[in-house]
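For reference, the structure is listed below as structure tokens.
Bear in mind these aren't lab numbers, they're just calculated from the coordinates by the rules spelled out. Source: prediction; values computed, not measured. Cβ coordinates were reconstructed from backbone atoms using ideal geometry, including for glycine residues, and neighbour counts include every protein chain displayed.
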Amino acid sequence: MLFGSSTITQLIMLVVVIPILSRIYTVEEHGDITTFMSIMAVGAAFFTLKYDQAIMVEDNRENAKSLVKLSSLINVVWFVISSLVLWICRNPLSEYFGFQTVPSWLYLVPITIFLTSMIDILNVWWNREKKYGKLSFNRIATFAGSSGYKIAHGLLKFRGPNGLILGHTIGQAISVILFLPKRISHNITFDANALKMLWTKYKSFRNWATPSSLINVIGSQIPVFLILFFFDRETNGYYGNAMKLTYLPLTAVSYAISQVLFERLARIKHDSSEAIKLGYNILYFLFFLALIPVVVMVVWGDIITPFILGENWEIAGVMTQILVLFCFAMYVSSPFAVAFEVYNKLKLQFVFTGLFAVLTAAALFITLHITNDIFVGLMMFSIVGVMVRIAMLIACIKLIGHNPMFKILLGIFIIAVSIVIGLTFRYWIF
């Protein structure tokens, strides 16, 4: 059900929504939503101090409920702090983003991060409860509300904040409302002693999982901030839509699968044979599901992307070709990161996320500083990112109970051969 809802929404997004939005909003406006989403991702990485992830791991249902409340309280505190920081720093932030005055959408950042973090908390809870129908309906309804407003705002030329950003915030608000329990008044009380006990019991999540998640997000979002530093909002717009055609569809499916893997692996972690079987079934499924689309985008991305987005998006087409293998590596490896939490190897997770952030950021910064060429910079970023994510995937499957080195090498060989065949077909036959 989760895979189906993700697939439906992503197909509609790719075939209908993105082609419309790329034609009714400017490249700069797309650059602004790219920046906004990156800021939001960074904030959402620490707004709950990752106590929401402990909801799935906790065996006692009542304690899990208390973890929902603890995570929500932490989220509220960070919302207040971030609102104050934004108000104080709004002018220098606006200058960095390329605005002479403070853009109205900047004030939406704290509330959107708060809503996103609430979705993360409630998502884990309903996943623990195995309410997959609720999760699927929420995803579709949120997508419909958000996309519908974005299109209406652009077509009708509404004033106010960037319609792409406001539409996203509206979608997050819809999601939270749909996720809230029917009898919410029965769930707002809490036991302070229970919260203190859980705060201490799962301190490794705030001490290790939070910085690990934050570093991981910064590593994946660093191109947005470095592109703003070296180039402009327009270049960020090209990059943002290139990622929408590659990273977002893949990660939507990957995230749906990771929810199931998290729940199942937490229950069977002591049965290594079942855990290994589950892990490889998901690995094969993810790999072969996306293999053909990824190869097609590597070979023909510079043609397909402008066809989908419009004739002014040729630069995004080249970026798509460069980034798609990086996105594929993220897509395949991301679900298995739950193994770090299930097997309580959060320090190891911190090491891998630290390497990912530092090495990819260094590769992109140094390359852009030397060449000032966005394509060369993204190529080096992708190569380094792929290598680190493959290493992380191997480590995660080893935690489950098996060394996947041969299977990983075989997968790389299959991808390489497929790309060579595709390139041969394109340049020799045509």
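Using equal-weight Cα scatterers in the Debye expression, the normalised intensity of segment 1-201 in log10 at q = 0.17, 0.19 Å⁻¹ is -1.20, -1.35. Put simply, when 146-156, 241-251 are sorted by average Cβ atoms within 10 angstrom per residue, most first, you get 241-251, 146-156.
What number, in nm² with one decimal, is the all-direction average of the projected area of the convex hull of the alpha-carbon atoms of segment 68-132?
Working: hull surface 21.1 nm².
The number I arrive at for segment 68-132 is 5.3 nm².
Legend: ranking of residues Val102, Val77, Val386 from fewest to most surrounding C-beta atoms inside 10 Å; resulting order Val77, Val102, Val386.
Extension gain for Lys65 to Met387 (0.36 nm times residue separation, less C-alpha to C-alpha distance): 112.0 nm. Taking a ≥ b ≥ c as the square roots of the eigenvalues of the Cα gyration tensor, the chain is oblate, since a/c reaches 1.5 or more and a/b is not larger than b/c. With the charge dipole of the chain set up from +1 on Lys and Arg Cβ and -1 on Asp and Glu Cβ about the Cα centre, the Cα lying farthest toward the positive end among the listed residues Tyr132, Ile151, Ile24 is that of Tyr132.
Judged by the mean number of other Cβ atoms found within 10 Å, the most tightly packed of the peptides 285-295, 214-224, 45-55, 412-422 leads the ranking 45-55, 214-224, 285-295, 412-422. For the cross-link pairs Lys203/Lys277; Lys131/Lys182; Lys50/Lys277; Lys134/Lys407, the ones whose C-alpha atoms lie over 26 Å apart are Lys203/Lys277; Lys50/Lys277; Lys134/Lys407. If only the Cβ of Lys and Arg carry +1 and only the Cβ of Asp and Glu carry -1, the dipole of segment 72-183 around its Cα centre is close to 480 debye.
Tell me the Kirkwood hydrodynamic radius of segment 275-430 in angstroms, computed as one over the mean inverse distance between distinct C-alpha pairs. Kirkwood hydrodynamic radius for segment 275-430: 17.0 Å. Given +1 at the Cβ of Lys and Arg, -1 at the Cβ of Asp and Glu and no other charges, the dipole of the chain around its Cα centre is 1320 debye to the nearest 20.
Can you give the helix-only mean residue ellipticity at 222 nm for the chain, where every DSSP H stretch with n ≥ 4 adds -39500 (n - 2.57) and the sum goes over all residues, rounded to the nearest 500 deg cm²/dmol?
Details: 17 runs with 344 residues, N = 430.
The helix contribution divided over the chain gives -27500 deg cm²/dmol.
Where in the chain are the DSSP H helices whose alpha-carbon span along the long axis reaches 20 Å or more and whose Kyte-Doolittle mean is at least -1.0? Write down the numbers at each step before the final one.
Working: long enough: 27-44 (25 Å, 0.61); 61-96 (48 Å, 0.57); 109-128 (29 Å, 0.91); 132-156 (36 Å, 0.20); 163-179 (24 Å, 1.69); 210-230 (29 Å, 1.55); 233-268 (48 Å, 0.06); 272-309 (47 Å, 1.67); 314-333 (29 Å, 1.73); 346-371 (37 Å, 1.72); 374-400 (39 Å, 2.39); 405-424 (29 Å, 2.49).
Passing helices, by number: 27-44, 61-96, 109-128, 132-156, 163-179, 210-230, 233-268, 272-309, 314-333, 346-371, 374-400, 405-424.
Mind putting together the pair-distance distribution for segment 172-310? All Cα pairs, 5 Å bins, whole percent per bin, short to long. Answer for segment 172-310: a P(r) of 2, 7, 9, 11, 15, 17, 14, 11, 8, 5, 2, 1, 0 percent.
By the compact-protein rule of thumb, 2.2 N^0.38 Å, the alpha-carbon radius of gyration of segment 77-171 corresponds to a ratio of 1.30. With the charge dipole of segment 250-397 set up from +1 on Lys and Arg Cβ and -1 on Asp and Glu Cβ about the Cα centre, the Cα lying farthest toward the positive end among the listed residues Ala329, Ile282, Met319 is that of Ile282. Just checking the listed ones, Thr189, Thr35, Thr210: in the Gaussian network model of the chain with Cα springs under 10 Å, the one fluctuating most is Thr189. Given springs between every Cα pair under 10 Å in a Gaussian network model of the chain, which of Ser382, Ser22, Ser104 has the largest fluctuation? Per the Cα network of the chain with a 10 Å cutoff, Ser104 tops the list. Only the Cβ atoms of Lys and Arg (+1) and of Asp and Glu (-1) were treated as charged; on that basis the dipole of segment 1-201 about its Cα centre amounts to roughly 540 debye. Normalised by the number of residues in segment 56-202, the average gap of Cα pairs under 8 Å and 6 or more apart makes the relative contact order 31 percent.
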